[in-house]
Amino acid sequence: MIVRMWHGMVDASKSEEYAEFMKKRAAPDYSSVDGLKKLLFLRNIEADIAHFLLVTYWDSMESVKKFAGDRPKKAKYYPEDDGFLLEKEETAALYEVFYESSDA
C-alpha cells in the first residue's frame with residue numbers, strides 16, 4: 001500500500017469555504033480512481049493560517065499514477081485553488097506502508 005500526503009495553507013478566514021470545496025471538488029475526483037482505499041482531509045488552524053493535509057491510501061504505485069500521472073510526487077491542483085492557497089507546494093510525499101495494525 002502507498003500513502004500520498006499533500007499539504008496546503010489557506011487564510012483561516014477561508015478555512016470553512018476551502019474545506020467545503022475539497023469535499024465537493026477534490027473528494028469525488030480522488031474517489032473516481034480505481035485503487036483508492038482511503039481518503040482523509042485534515043485541518044489544523046494556527047492563528048491566521050489553516051493547514052490542510054490530504055492523506056490518501058492507494059493499493060499500489062500504479063494506482064497513484066492513475067490519479068497523479070507519470071510523476072506521482074507532483075502535486076495536483078484545481079483552478080479554484082488559486083483563490084484559496086497561500087502558496088502551491090510542488091510535491092506531495094509518498095510512503096510505502098510496510099506494517100499496519102488495527103489494534104488500538
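The values are calculated or read from the model by the stated rules, or taken from the named source; none is laboratory data. Owing to the predicted nature of the structure, the values given are computational and were not obtained by experimental measurement. Every residue, glycine as well, gets a Cβ built from its backbone with ideal geometry; the counts of neighbours run over all protein chains shown.
Restrict the check to the stretch 42-55 and report whether at least one residue is more than 13 Å from residue 4 (Cα to Cα) and β-branched (Val, Ile, Thr). Break it down stepwise before answering.
Within the stretch 42-55, the subset more than 13 Å from residue 4 (Cα to Cα) is 42-52.
Checking the rest, the ones that are also β-branched (Val, Ile, Thr) come to 45, 49.
Checked the stretch 42-55: at least one residue is more than 13 Å from residue 4 (Cα to Cα) and β-branched (Val, Ile, Thr).
With respect to the numbered conditions (1) in contact with a Lys or Arg (Cβ under 8 Å, 6 or more places away or on another chain); (2) surrounded by 13 or more Cβ atoms within 10 Å (Cβ to Cβ); (3) more than 16 Å from residue 93 (Cβ to Cβ), which one is the sole condition not fulfilled by residue 64?
With (1) in contact with a Lys or Arg (Cβ under 8 Å, 6 or more places away or on another chain); (2) surrounded by 13 or more Cβ atoms within 10 Å (Cβ to Cβ); (3) more than 16 Å from residue 93 (Cβ to Cβ) applied to residue 64, the lone miss is (3).
Condition check: in a loop (DSSP other than H, G, I, E, B), of a type in the set (Lys, Arg) and surrounded by 13 or more Cβ atoms within 10 Å (Cβ to Cβ). Does residue 76 satisfy that?
Judged against the criteria, residue 76 is a match.
Matching residues to (1) assigned to a loop (DSSP other than H, G, I, E, B); (2) in contact with a Gly (Cβ under 7 Å, 6 or more places away or on another chain):
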position: 18; (1), (2): no, no
position: 34; (1), (2): yes, no
position: 54; (1), (2): no, no
position: 57; (1), (2): no, no
position: 63; (1), (2): no, yes
position: 72; (1), (2): yes, no
position: 82; (1), (2): no, no
position: 94; (1), (2): no, no
position: 102; (1), (2): yes, no
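Taking the options 42, 53, name whichever one is surrounded by fewer than 16 Cβ atoms within 10 Å (Cβ to Cβ), within 19 Å of residue 85 (Cα to Cα), without any contact (Cβ under 8 Å) to a residue 40 or more places away in the chain and among the aliphatic types (A, V, I, L, M).
42
To keep it simple, each residue is scored yes or no on (1) modelled with pLDDT of 95 or more; (2) in contact with a strand residue (DSSP E or B) (Cβ under 7 Å, 6 or more places away or on another chain); (3) on the phi < 0 side of the Ramachandran plot.
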{"site": "24", "(1), (2), (3)": "yes, no, yes"}
{"site": "35", "(1), (2), (3)": "yes, yes, no"}
{"site": "50", "(1), (2), (3)": "yes, yes, yes"}
{"site": "53", "(1), (2), (3)": "yes, yes, yes"}
{"site": "59", "(1), (2), (3)": "yes, yes, yes"}
{"site": "62", "(1), (2), (3)": "yes, no, yes"}
{"site": "73", "(1), (2), (3)": "yes, yes, yes"}
{"site": "83", "(1), (2), (3)": "yes, no, yes"}
{"site": "94", "(1), (2), (3)": "yes, yes, yes"}
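Inside the stretch 4-16, can you point out the residues that are among the hydrophobic types (A, V, I, L, M, F, W, C) and assigned to a helix (DSSP H, G or I)?
Passing the criteria: only 12.
List the number of the failed condition for residue 25; all other conditions in (1) farther than 19 Å from residue 86 by Cα; (2) among the basic types (Lys, Arg); (3) assigned to a helix (DSSP H, G or I) hold.
Of everything listed in (1) farther than 19 Å from residue 86 by Cα; (2) among the basic types (Lys, Arg); (3) assigned to a helix (DSSP H, G or I), residue 25 misses just condition (1).
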